[in-house]
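Student: Here it is, the structure in full.
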Amino acid sequence: QVQLVESGGGLVQAGASLRLSCAASGGRFSDYIMAWFRQAPGQERAFVAGITRYGISTNPADSVKGRFTISRDNDKNTAYLQMNNLRPEDTAVYYCAARLGGAVATFSSRYDYWGQGTQVTVSS
């Protein structure tokens, strides 16, 4: 069973960049498909981006396309979310998630393991 810990969130101004990290332990990291989701107050948890076991990223959510990039380093047991040109509407708690096998899924219910989340706040 894998444990996930996110880091890298914070308070930034619009236009800034942040890189979130998701450190995994307790399992063989390369066995897991990884994804990032986010949840803003009063909203459902939403898919942001996903990446296959060997580093092929799938199409991110339309709202972040061209600005956010997911990656992973299987040697470091870590997944990343590079976020550029942040906007106030990107403000949310960001979660990393993992699932065994299959393909990247955009529904949160398809993921078995979750981190505790990291807050990202973008001021205008």
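The values are calculated or read from the model by the stated rules, or taken from the named source; none is laboratory data. The shown structure was predicted, so the numbers you read here are calculated from the model rather than taken from an experiment. Every residue, glycine among them, receives a Cβ derived from its backbone with ideal geometry; neighbour counts consider all protein chains shown. Just so you know, the surface numbers come from the protein's heavy atoms only, side chains and all, with ligands and any DNA or RNA stripped out. Shrake-Rupley method; radii C 1.70, N 1.55, O 1.52, S 1.80 Å.
Student: Please name all residue pairs, on different chains or six or more residues apart, with Cβ atoms under 8 Å, provided the first residue is in the range 102-124 and is part of a loop (DSSP other than H, G, I, E, B) and the second residue is open to solvent by less than 80 Å² (accessible area, probe 1.4 Å) and among the acidic types (Asp, Glu).
Tutor: Matching pairs, first to second residue: GLY115/GLU6; GLN116/GLU6; GLY117/GLU6.
Student: Within the range 31-80, can you find the residues that are open to solvent by less than 10 Å² (accessible area, probe 1.4 Å), touching a residue at least 60 places away in the same chain (Cβ under 8 Å) and in contact with a Ser or Thr (Cβ under 9 Å, 6 or more places away or on another chain)?
Tutor: ILE33, MET34, ALA35, PHE37
Student: Condition (residue is in contact with an Asp or Glu (Cβ under 8 Å, 6 or more places away or on another chain), of a type outside the set (D, E, K, R) and at pLDDT 95 or above) applied to the range 66-78: is it met by at least one residue?
Tutor: Looking for residues that are in contact with an Asp or Glu (Cβ under 8 Å, 6 or more places away or on another chain), of a type outside the set (D, E, K, R) and at pLDDT 95 or above, one finds none in the range 66-78, hence no.
Student: When only residues in the range 115-124 that are closer than 16 Å to ILE70 by Cβ and not small (Gly, Ala, Ser) count, which is least open to solvent (accessible area, probe 1.4 Å)? Even if it seems obvious, please write down each step before you answer.
Tutor: From the range 115-124, those closer than 16 Å to ILE70 by Cβ are 115, 118, 120; that's our starting set.
Cutting the leftovers down to not small (Gly, Ala, Ser) gives us 118, 120.
Values: THR118: 18, VAL120: 0 Å².
Checked the range 115-124; the qualifying residue least open to solvent (accessible area, probe 1.4 Å) is VAL120.
Student: Checking the structure you have, find out if any residue of the range 92-101 is open to solvent by 60 Å² or more (accessible area, probe 1.4 Å) and in contact (Cβ under 8 Å) with a residue 60 or more places away in the chain.
Tutor: Yes, the conditions are met somewhere in the range 92-101.
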